[in-house]
1. Look at residue 104 and say whether it is without any contact (Cβ under 8 Å) to a residue 12 or more places away in the chain and over 15 Å from residue 46 (Cα atoms).
2. Of all residues being assigned to a loop (DSSP other than H, G, I, E, B) and in contact with a strand residue (DSSP E or B) (Cβ under 9 Å, 6 or more places away or on another chain) in the stretch 38-59, which is farthest from residue 135 (Cα to Cα)? Just the residue, please.
3. Have a look at 131, 81 and point out the one that is at pLDDT 90 or above, closer than 26 Å to residue 50 by Cα and in the same structural domain as residue 53 (by TED's automatic domain parsing).
4. Restricting to the stretch 125-156, give me the number of residues that are assigned to a helix (DSSP H, G or I) and in contact with a strand residue (DSSP E or B) (Cβ under 8 Å, 6 or more places away or on another chain).
5. So, residue 94, is that one at pLDDT 85 or above and surrounded by 12 or more Cβ atoms within 10 Å (Cβ to Cβ) or not?
6. If we keep just the residues of the stretch 104-119 that are surrounded by 14 or more Cβ atoms within 10 Å (Cβ to Cβ) and under 19 Å from the mean Cα position of the chain (by Cα), which is farthest from residue 58 (Cα to Cα)?
7. Among the candidates 62, 122, single out the residue that is surrounded by 14 or more Cβ atoms within 10 Å (Cβ to Cβ) and assigned to a strand (DSSP E or B).
């Protein structure tokens with residue numbers, strides 16, 4: 001007596017049928033994991049690194065929050081930063097970072113911005129007492145997958161006073 005998989009009554013299942021069944025089961029299990037949620041990326045801080053006649057160099061501290069049940073292996077990140085609706089800086093990082101599941105990590109990125117534009121935006125913000133920002137771009141994950149992100153918020157003017165000449 002032999003033991004085997006049975007297809008239709010009295011006929012054994014072929015290898016092709018077994019492979020199709022395994023592929024179906026794998027697809028079913030992969031679907032149970034659910035889609036990957038977008039990471040939340042926000043501006044955590046700004047440091048002045050250097051200042052020149054025309055431009056300034058800044059170190060932006062980006063907070064990356066992972067809302068997923070799995071670790072998030074980030075290979076690279078590219079973004080634009082707007083202040084009060086105006087372009088402020090562009091940045092990119094190829095520094096790999098793994099954000100643990102349901103955790104946060106900070107990524108420091110150097111950027112360059114035009115000094116005249118920044119001073120104009122910061123002086124205008126002095127009237128409001130705060131400065132709106134928007135950081136948006138793409139995160140490249142391991143496995144050739146990328147995810148878009150877009151986050152807006154406000155920075156209290158007191159945090160920016162050292163950048164604004166009186």
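The values are calculated or read from the model by the stated rules, or taken from the named source; none is laboratory data. Only a predicted model underlies this, so the values are computations on that prediction, with no experimental measurement involved. Neighbour counts are summed over all protein chains in view; Cβ atoms, including those assigned to glycine, are modelled from backbone coordinates with ideal geometry.
1. Numbers: without any contact (Cβ under 8 Å) to a residue 12 or more places away in the chain: no; over 15 Å from residue 46 (Cα atoms): yes.
The answer is no for residue 104.
2. Our first condition is that a residue be assigned to a loop (DSSP other than H, G, I, E, B); within the stretch 38-59, this holds for 38-39, 52-54.
Checking the rest, the ones that are also in contact with a strand residue (DSSP E or B) (Cβ under 9 Å, 6 or more places away or on another chain) come to 38-39, 54.
Numbers: 38: 14, 39: 13, 54: 23 Å.
Result: 54.
3. Unique residue meeting the criteria: 81.
4. Pass one, the stretch 125-156, residues assigned to a helix (DSSP H, G or I): 125-128.
Among the residues that remain, those that are also in contact with a strand residue (DSSP E or B) (Cβ under 8 Å, 6 or more places away or on another chain) are: 125.
Result for the stretch 125-156: 1.
5. No; evaluated as a whole, the condition is false for this residue.
6. In this case the residue turns out to be 104.
7. Details: 122 fails: assigned to a strand (DSSP E or B).
Exactly one of 62, 122 is surrounded by 14 or more Cβ atoms within 10 Å (Cβ to Cβ) and assigned to a strand (DSSP E or B), namely 62.
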